Each structure stands twice: as structure tokens, then as C-alpha cells.
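Contents: one structure, followed by commentary.
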Amino acid sequence: MNNQFGNQPPQGGNQFQTPPPSSGPFEQPPGMGNYQQPGMQPAPSGGSKSWILIVLLVIVLILAGLVFASWQGWISLGGLEKYWGGKGKTSTTTTPTETTTEPSETTTTETKTLSNDDQRKADLASIKSALQKYYQANNSYPSASIVQKTLDPNCVLNSALVPTYLSKLPVDPLTPTYYYGYMSDGKTFQLTAILEDKTDAAGIQVGNNFIYKVTDSSVETTSSSTESNSTNSTESTTKTTEENP
């Protein structure tokens with residue numbers, strides 16, 4: 001009874017011996033084997049390989065898109081498209097077509113210029129004829145101390161010639177860039193037009209414009225009158241030949 005609460009250790013040695021200290025904070029005690037704590041599973045090793053495959057797939061798709069765009073002719077890859085016959089090669093075939101259209105366009109422009117100038121000469125001849133009739137009736141021409149444009153509604157020729165001698169007053173085919181001018185002192189007059197063909201022998205250079213003039217005493221020769229005279233001469237020669245074989 002005296003040793004019941006004593007400090008002597010019980011028989012058979014110390015049953016609660018303290019385990020030896022470990023060499024590290026995570027070292028497993030002896031006999032634990034390959035024990036792993038719950039929730040501490042290692043990362044799978046195949047994740048990095050999947051990421052590499054995705055990157056390679058994206059690169060292949062980008063390259064395929066560039067090749068398709070070059071084949072369609074949308075972009076140029078430094079001349080590489082010629083190796084797979086891209087549609088961009090067709091652009092070189094349009095050059096001869098554009099070159100062949102230039103002469104026809106030039107010819108059309110020249111023809112239109114000559115047609116406009118012929119119209120101008122015919123219009124001035126028509127106005128001159130009306131002025132001569134007006135002079136016969138009034139013994140004078142409509143007076144205009146400065147040049148008046150026929151396209152101007154206030155031009156003196158509108159009230160003097162229309163509608164008695166002309167149904168309407170002619171204006172230039174390219175009005176208002178080009179125009180007809182009229183000036184008179186009552187006894188003489190001058191009609192003017194601006195020609196497009198600066199090689200026409202009937203015109204003269206005045207400043208920046210090539211002017212065609214018609215006066216009360218001028219004698220005009222038109223291409224139509226020349227052709228008419230030529231035709232009459234040919235018919236007369238033919239008739240003479242038939243009468244005198």
C-alpha cells in the first residue's frame with residue numbers, strides 16, 4: 001500500500017516509450033512503408049503532352065489558312081503561290097486586254113472632238129443665216145457692244161431671232177464649259193466658238209482658247225459642203241463620159 005502512489009516505474013519496463021526523433025519534418029516513422037496522406041495525389045504526367053499537341057494543332061491550322069489564302073490570291077507569300085498554281089496568277093493576264101483598249105478609246109475621243117467641232121461650225125452658220133434675214137428686215141444687226149453668250153437667257157439674239165428666224169438659239173455641245181459668243185455694232189457682227197481640235201486650220205489661238213470666228217463678210221467652208229461639191233463634180237464627170245464615149 002505504501003508503494004501504490006509511488007514514483008517507481010511499473011514492472012516489465014516502460015510501456016510508453018517515446019519514438020526516436022525523425023531526421024526531417026516529413027520523414028515517415030519506421031514501419032509506415034509508402035504511406036501517403038489522403039488528398040495528396042500526384043499530378044498526372046500526361047498533362048504537358050496534351051498541351052504540346054494543342055499548340056502544334058493551332059500552328060498547323062494557321063499555316064493551312066495562310067496557304068489557302070495565298071492560293072485564292074487574297075495574300076502573297078513572297079512568290080510561293082506560283083508553286084501551287086494560285087489564282088493570283090490570273091492578274092497578269094489582264095495587262096494585254098487593258099493595253100488593247102487604249103487605241104479604241106483614243107479613236108473614240110478624237111471622233112467625238114471632231115463631231116463637236118462640226119456641230120459648232122454648223123450652229124454658227126445657222127445663226128449667221130438668221131442674222132442676215134434679220135438685217136434684210138431691219139437694215140441692221142442686233143446690237144451688242146460686248147461679247148454676249150448665247151447660253152445666257154438675256155442674250156440679245158434670243159429676243160431678236162427667236163422664234164421668227166430660229167426656233168431656238170443654238171448653244172455649244174459642251175455648254176457651259178464651251179460657249180458661243182456674239183458681238184455687233186449694228187452694221188457688222190462677229191460670232192465665235194471654242195474648238196477642241198487645235199490643229200483645225202479654221203481656228204486661231206487666242207490666249208488659252210482656240211477660236212473659230214464667223215463674221216457678216218466671212219465665207220465658211222464646211223466638210224458637208226465639200227463632200228457635196230465633190231459628189232456633184234463626180235456626177236457631172238460621169239454624165240459627160242456617158243454622153244461622149
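Where a number appears in this text, it was derived from the coordinates with a stated rule and is not lab data. Owing to the predicted nature of the structure, the values given are computational and were not obtained by experimental measurement. Here Cβ is always computed from backbone atoms with ideal geometry, including for glycine, and neighbour counts include all displayed protein chains.
Quick look at the numbers
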{"quantity": "Ordering of 134-140, 146-152 by burial proxy (mean other Cβ atoms within 10 Å per residue, highest first)", "calculated": "146-152, 134-140"}
{"quantity": "Projected-area average for the range 117-228 over all orientations - Cα convex hull basis, square nanometres", "calculated": "7.3"}
{"quantity": "Gained length - Gln205 relative to Val219, 0.36 nm times residue gap less alpha-carbon distance", "calculated": "3.1 nm"}
{"quantity": "Computed lengthening from Lys187 to Glu110, 0.36 nm per intervening residue step minus Cα-Cα distance", "calculated": "23.9 nm"}
